[in-house]
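As structure tokens, the structure follows; a few thoughts come after it.
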Amino acid sequence: MSSINRHARSAEEYDSDNLDEPARPSPPKKQKMTKAQEAKAKAAAKKKKEAEERDEEDDAYTALSKSAFNGPSKPPNGSMIDCVKCEQKFTVTRYTLAAIPGPGWLCHVCAKASGADPFKKPAAPRKRKPATEKRTVVHYEEKRFPSLISLCVQVVSKHIDEVEALGDLGTLNLQEIAKAIAKNRSLTSENVQLFYNASQVSLTLFDATNLLPAAYDTLALLNPCLTSLRLDYCGQINSSSLDSLANNLPNLREIELLGPFLVRTDAWQHFLHSKKLTSFKITQSPRFDLACLDSLLCTSGDTLQELRLCEVGQLDDTFIRALIGSDPESEETKGKKKRGRGRPSAVGACEPSTSPFLPCLRYLDLSHPSEACSQDALLELIYNLGVNLEHLDLRGHDTIMDEFFTRGILSCCSHLRTLIMASVSEELTDAGIAAFFSSWQNPPLTHIDLSRNPSLASSALTALLDHSGATLEYLNINGWKNVSHDTATSVAVKARELRRLDMGWCREVDDFVLKALIMGNEDEHRSGLPFLKEIWVWGCGRVNGMFPRKKGVLVHGLEGHRL
């Protein structure tokens, strides 16, 4: 009797029938159905069961294993069944748990008593990381706590559209903010005015992609004292915008434009006739033609110090003749000009002279033309302009051979600091470049780029390091596939001032070469390069990532599965 009373009190205290809905009177006896009605009812019950099973979210840890319970399926929610433990009737809900071991089902009281929580929310399924995340290439760099200035720059760049004024932050900080904004192309015609100042003389916008043509009119009106202007990715600047810059910036002396595709010839001529420039640098301008160059030389030829015509589609030999003052339309005049200027002598030397059109030129970039200029035209260019040049960039002229180095640069250039000759002729020879550097009387260079010239190898690199290794800060020998292991290692000994080095696709470069560059050689009591910041090793199959690391040195090009 005491057991019966205990179960009765337990049933009254935990009335399972009232957990989800009020108790209902027992249904009347159903009449016997026909076979057709029974089949229809079974089909409806099966359909309802499948829908309930799709909606149910069983706990992965408490749900009964299908292999462990072979009894009847769970009754539909709302039905009355007996608990296998306390033998009391209860209403089946979505929280009803199966008895272990089965068969049968437990009421909520007995389920809690067994240690399971029927009302526990199912655990969130574990998501598998995509395969791409596991193969992320990690570069080795110094991780340091950001400075207060860098944090402020990040906050300002993130909320640039809500900033009303930047105030007196200084030129360097403004440039850092401009660079941060350029990363996600947040610069617009509205927020660009934060960088304007009526008294500033220099303005640099690193990404002007979203600036409409009218924004350049505003730029000219709000910055009347500008003497230097740099606009990167200015694809929407057009002829009227350039006219506005010409009319409203009377003191402009230096201009650098990247991507002025829409500016037409007449606008270029109007702008160049109205300015006396010391620096003119443009990249990717398909409409800049010979008449525009004549306008530049006519007005600014005697003051121009820096000239860049990079990726100019119409650049050809006639441009070269215009730069040296030769008339491309008159053979007689051209012959006189040649006879009156520096030219190769009988033994391959030259008589350098200064062009009256460009007496002050120090920086010359004629890289990546649509069609390479002839080597004869480039040689005559060096004969006339090479005396004072400090920066020479002729990338992409695939007509350049050993003769250009030995007869042109060797004899006529004596003040160069930067030499960029990437992707020139495949007929360039290792012995020819080695002889050039061995005989050149020019002071040591600081920047050398001879990449993508696969015929160059150990002899050229050795002569290069002997000539310029003492002052070299940037070296790019990407694609020199035949450089030996010992010659590549010698960079760590001969180029102690090196900051950046590209040795991509050099087959002999391995972990030992990188160890010598970064940490040095303990056996020879020699340290690594003290100022090295970045190394590129793309395509170096022997680099396995087993070399020692050093804070502050970035290594680009390590394969992800080897990290």
* Pull up the range 82-105, narrow it to residues that are open to solvent by less than 30 Å² (accessible area, probe 1.4 Å) and not in a loop (DSSP other than H, G, I, E, B), then point me to the one that is nearest to Ala116 (Cα to Cα). => Ala98
* Mind listing just one residue for me: the one in the range 465-480 that is more than 24 Å from the chain's Cα centre (by Cα) and not hydrophobic (A, V, I, L, M, F, W, C) and, of those, most open to solvent (accessible area, probe 1.4 Å)? => Asp466
* Specify which of the listed residues (Leu416, Leu392) is at pLDDT 95 or above and assigned to a strand (DSSP E or B). => Leu392
* Taking strands (runs of 3 or more DSSP E) that do not extend beyond the range 202-275, which have at least 1 residues that are among the small types (Gly, Ala, Ser)? -> 202-205, 228-231
* Quick one: would you say Leu272 is over 33 Å from the mean Cα position of the chain (by Cα) and either over 15 Å from Phe206 (Cα atoms) or surrounded by fewer than 18 Cβ atoms within 10 Å (Cβ to Cβ) (or both)? -> yes
* Scanning the range 502-556 for residues that are of a type in the set (S, T, N, Q) and not in a loop (DSSP other than H, G, I, E, B), which turns out modelled with the lowest pLDDT? -> Asn521
* Test set (1) without any contact (Cβ under 8 Å) to a residue 40 or more places away in the chain; (2) over 30 Å from Asn173 (Cα atoms); (3) surrounded by fewer than 19 Cβ atoms within 10 Å (Cβ to Cβ); (4) of a type outside the set (Val, Ile, Thr) - Asp302 fails condition number -> (1)
* Name every residue in the range 459-469 that is among the aliphatic types (A, V, I, L, M) and farther than 10 Å from Leu445 by Cβ, in order of residue number. => Ala460, Leu461, Ala463, Leu465
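The values are calculated or read from the model by the stated rules, or taken from the named source; none is laboratory data. Just so you know, these numbers come straight off a predicted model, no measurement behind them. With ideal geometry, Cβ positions are generated from the backbone for all residues, glycine too; neighbour counts draw on all protein chains shown. Accessible surface is based on the protein model in full, side chains and every heavy atom, while ligands, DNA and RNA are left aside. Shrake-Rupley method; radii C 1.70, N 1.55, O 1.52, S 1.80 Å.
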